[in-house]
1. Those residues that are more than 24 Å from residue A:411 (Cα to Cα), touching a strand residue (DSSP E or B) at 6+ places or on another chain (Cβ under 8 Å) and within 14 Å of another protein chain (Cβ to nearest Cβ), I need them from the range A:173-218; list them, please.
2. Filter the range A:775-792 down to the residues that are more than 14 Å from every other protein chain (Cβ to nearest Cβ) and touching a Lys or Arg at 6+ places or on another chain (Cβ under 8 Å) and list them by number.
3. How many residues does the range B:133-160 hold that are more than 8 Å from chain A (Cβ to nearest Cβ) and either within 12 Å of the chain's Cα centre (by Cα) or on the phi > 0 side of the Ramachandran plot (or both)?
4. Checking the conditions here, which among A:80, A:66 is touching a strand residue (DSSP E or B) at 6+ places or on another chain (Cβ under 8 Å) and over 16 Å from residue A:306 (Cα atoms)?
5. Just to be sure I understand, how many residues within the range A:817-856 are among the aliphatic types (A, V, I, L, M), in a helix (DSSP H, G or I) and farther than 19 Å from residue A:902 by Cβ?
6. What residue, of A:837, A:818, is crowded, with 21+ Cβ neighbours inside 10 Å and either within 14 Å of another protein chain (Cβ to nearest Cβ) or touching a residue at least 12 places away in the same chain (Cβ under 8 Å) (or both)?
7. Which condition number in (1) more than 14 Å from chain B (Cβ to nearest Cβ); (2) part of a loop (DSSP other than H, G, I, E, B); (3) in contact with a strand residue (DSSP E or B) (Cβ under 6 Å, 6 or more places away or on another chain) is the one that residue A:282 fails?
8. Look at the range A:707-728 and say how many of its residues are away from chain B (no Cβ under 14 Å), of a type outside the set (Gly, Ala, Ser) and either within 30 Å of residue A:634 (Cβ to Cβ) or touching a Gly at 6+ places or on another chain (Cβ under 7 Å) (or both).
Amino acid sequence: MSQINRIDGGLIDQEKVLNFTFNGQILKGYEGDTLASALLANNKHLIGRSFKYHRPRGIVTAGSEEPNAIMEIGNGAYKEPNTRATVTQLYNGLEANSQNHKGPLSFDFMAITDFLSPLLGAGFYYKTFMWPKGFWEKFYEPAIRKSAGLGTLSTEADPDTYDKGFRHCDILIIGAGATGLSAALTAANSGAKIILADEDFLMGGRLNSETNEIDGMAGSEWAKKTVAKLGAMENVTLMSDTTVFGAYDHGIYGAIENRASEAREDNDKPRQVNWRIYTKRAILCAGATERLIAFGNNDRPGIMFASAVRTYLNRFAVATGQRISVYTNNDDGWKTAKDLNAKGFRVAAVIDSRSISPVMRVPGAEIYMATDVVDTKGRRALKSIQLSNGKSIDTDTLAVSGGWNPNLHFTCHHRGVPKWNEEIASFVPDSSPPVGMSVAGRAKGTMVLADAIIEGHNQGSCVAADLGYKTSESKPASTPVVSYNISANWGVPSGKNRAWVDFQNDVTAKDIKLANQEGFKSVEHVKRYTTLGMATDQGKTANVLAIGIMAENMGQTMEDTGTTIFRPPYVPVAIGAFAGRRRGMEFYPTRYTPSHNWSTEQNAIFVEVGMWYRSQWFPLPGETHWRQTVDREVRQTRSSVGICDVTTLGKIDIKGEDVSEFLNKVYANAFAKVPVGKTRYGLMLREDGIAMDDGTAARMSENHFVMTTTTANAVSVYRHLQFCHQCLWPDLDVHMISVTEQYAQYAVAGPNSRKLLEKIVDPECDISNEAFPYMAAGEITVCGGTAARLFRISFSGELAYEIAVPTRYGDSLMRVLMEAGEEFNVIPYGTEALGVMRIEKGHAAGPELNGQTSAYDLGMGGMISGKKDFIGYTLGLREELQRDDRMQMVGFKPVNTSDLLLAGSHLLGLRDKATTENDQGWISSCIYSPILGHYLGIGFIKGGHNRKGENVRAVDLVRGNDVEVEICSPHFVDPEGERLRV
Amino acid sequence: MSDYELIKESPLGGAEHEFDGVTVAEVIDQSLVMVALPRDRAVDIESAMGESCGLSIPAMGQSTKSSDASVTLWRLQKNQVLAYFSYDGDDAEVNLAERFDAPAYYTDQSDTWGMIRVSGERSRDVLERICPIDLDPSVFTLGSVSRTVMEHIGTIIFRDGDDSYVLLTMRSFSRSMLHAIEVSVKNVL
């Protein structure tokens, strides 16, 4: 029979039937159910197995603190393990499977571990699996993990999508129960911008689970009306099914919004949204979580929180049993009996550990005061309980209330330390919550509903007033005062029976006692030794109970025992939700060069350079290896002409009356007297005298330079220049802006480069060698009047230019250059050929400017101007940087020209062993030179500048290469620079 | 007469997409020029711009409009303003210098940036998925401008209408930014 435990009423829609499966069995529930309530409605009490001992377990709570009812939801790639059934909204087609058992749930082969439990106490692994040492990683740990795990992953990529977002408010109210709604009302009425977030898909908190009256109506009805009122206000954003999971710096909160229902209807919609909420203030109204009492076999299916029994009864119209008993140490537990009676259920017994008179009359129930439950019976479902007075009571559900713990987690996210409050036997927030946060209601320890409502009401008004909004004149909602009295009860002697504290990690009161006996006194040490509170529920139901047991064991106060540290996230958050939409190619944005479309048409092979996508080489049909392509590109460029997109190099326009003085201070070489129309190579040093970046600066007019930087340092150089201007020399009249993207820039290199350019440069612009010599720069026009910039600079060592046009013409210019160059067999070349030619020429680049090399090390000591001060000058004079035996940049060529040379090889003497002590340097860049017909490299070796002609070995132990090389000049091709000037 | 002709192309080829409640369109009829204020000349320049165009230098994070509303100045830095104006010619720098007739340093930025307008009643719902700054109409008022980071991309955002925002990203990032906006639209609408 379907839903045998379902009764009438509740806050569900019993007209809307939903089908779902549990372990393959088709079941029915109603709209408004959670998976847990639907399972209970279908009399499914055994819903999983415990982590370590594979004990049969049932649903314990009705909220996010649930330790037992964790399921695998969905199948295939969509499967998500460790999902709490108590907060999973039921939907049509939901597939749930219990986890952590071998064989059927009702007969778990791994349950044998339960019978071995006397051997498996706290610290068992540490004590037992010590020998042989090497077995831990290879054998013991994999075996343990296999037998004691939570759910399993699909091992497929998660097909669900996730997103993130940013929201801002004056006041974030965390929790939409009676306190949160009261606070939201007054704060919203003041005019402040409010976000009200609640982890439940139905706002109202405990009001939806209890039978309190507020303002003359049912509490749930009051909540519904209040939510509707708030929803109609423009200054209020309601975020249900949204769990705030962390309080971060500067009033920023993380919140995860579950949009599973939307995602199910449209697979393209994100399943969860990770919100970053910027707040001016926050009011924590997160309520409280009930706790258990430790007694023998207190973990059987059917033993649950008293508050959960009321939630299933009142909100979900589910009777969790037919013969329900209540075991409590506080007044709140009695409400369970009252509510059950009101729905026509006979309560078997009420057991209260306190020596007081019964709190109320419960018709038909046996009442036992100053009595405890000491044991229970029933393997897969509760059958009976044993009392401390020796009496046994047949019962199928035991509603337990050990008191309430304020949900103060967020108050500790910035290292607040909870205080103990004896009156309510709970920890309460201290006086140092995160800046901007205040606390109200049960989260603060105000356990009486009427008081919590007033507190929320006042807090909402006060916080809004503090932000300058008007004070609310409304009155708080009224509800009858119901007192809350409690006497702490952490547990009862359980003899040989185990009294469970942490259900999810299978930690018992005995484990805690053993840890204490073995010398673990700190709550943090006990936590780690026993794994208490370290499961996915982070000990929400276990920790305070465990602290109580520890305090009793050690004869100290609760406050002295203290709590462990609360850290975000408050609830488990899927890693996918943190990644959001940044998956695959969307991990970071992509920058495309102006010639990208054209290059794609040429079947270019691209390489990621930072975020840029650059053409690495352009294979032609028939070329089967990249070296064939790159060798061709180099030969063709050096023999005729080649074109390379160099837009990615940083370009900075610098203008102002003091621009040459400014450049003179930031470059190591002289810039004060660069003539207009000339480019100069510039080396920039860090403050400590180490090379930072190199590039060129062209003087376009008296007060205008264009600086180029390397691609990698485009941003950092710009930032450095801004620092120099804003902080070091703010009085200089200097104005700079990046024009990296304003111009599409192409290197046109090779002996025919001028001939090619002359075809597109307008005739009135003379670019002959005489009019436009090596290192010239100027404004020109191309293709009939389009403004352009031309620089006669060369990275390849050939006669070469860099031509820049406004980027709107970048794609077109590439096509025009290729068309105009047909008669010269022009070719495009990529970053690989660019690298080959720069190494052939001996230009230092990224591998050489590695943050350890000075200008002298790079062979550029002669450039350093001794006639001026500049950044890096003083510290560059340090003795250590002037030593002759520093690692100095030189070239290396194999003695046997057929030998392979590898970048990263270490340099050793000819007869030295390959040891660290004998290491003399390394090859930093290495290529095969199609021009010279052998490999060559540049690199660093001790005192290299004076060792040219000496032979050493280049050894790469990782790749098994050991070749003899000659130390030589790094300038392999055209060392005199004649080709540049023709 | 040259044998070759250069054809201009906007960063996104004039992309325009209409969705229910949101329009996403590349802005192709505006130019952008950086106007740097030489040392000790801000007052002179403001006076000249005021005379020629009726413009004043805006407060930080704000904008001002010329008397004919064709030029908007954005202030994002102490010693410079950005001029956003209706012009699609190649010589925006010269054009603006002539309009202003003020002794500033002008640097064309029109090709540096890809500009995308996100407009419509759901524009803020879409943008809150990528934009970390508060776009509440009472906070980011009409004419506000801010520099921020969206999806790891440095972005300038300018509110040019009640429900209309122009996003500027470095040109090479344009496709990524358009994609980010489209993903937001897909996720939200």
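The values are calculated or read from the model by the stated rules, or taken from the named source; none is laboratory data. Keep in mind that what you see is a predicted model, and the values were worked out from it rather than measured. For neighbour counting, all protein chains shown are included, and Cβ atoms are generated from backbone atoms with ideal geometry for every residue, glycine included.
1. Residues satisfying the conditions do not exist here.
2. A:775, A:776, A:777, A:778
3. The number of residues fulfilling the criteria is 11.
4. Values: A:66 fails: over 16 Å from residue A:306 (Cα atoms).
None of the others qualify; the one that does is A:80.
5. As a first pass, look at the range A:817-856 and keep what is among the aliphatic types (A, V, I, L, M): A:817-818, A:820, A:826-827, A:833-834, A:836-837, A:839, A:844-845, A:849, A:855.
Imposing the further condition that a residue be in a helix (DSSP H, G or I) reduces the set to A:817-818, A:820, A:833-834, A:836-837, A:839.
Still in the list and also farther than 19 Å from residue A:902 by Cβ: A:817-818, A:820, A:833-834, A:837.
Total satisfying the criteria: 6.
6. Numbers: A:818 fails: crowded, with 21+ Cβ neighbours inside 10 Å.
Of the residues listed, the single one that is crowded, with 21+ Cβ neighbours inside 10 Å and either within 14 Å of another protein chain (Cβ to nearest Cβ) or touching a residue at least 12 places away in the same chain (Cβ under 8 Å) (or both) is A:837.
7. (2)
8. So the answer is 5.
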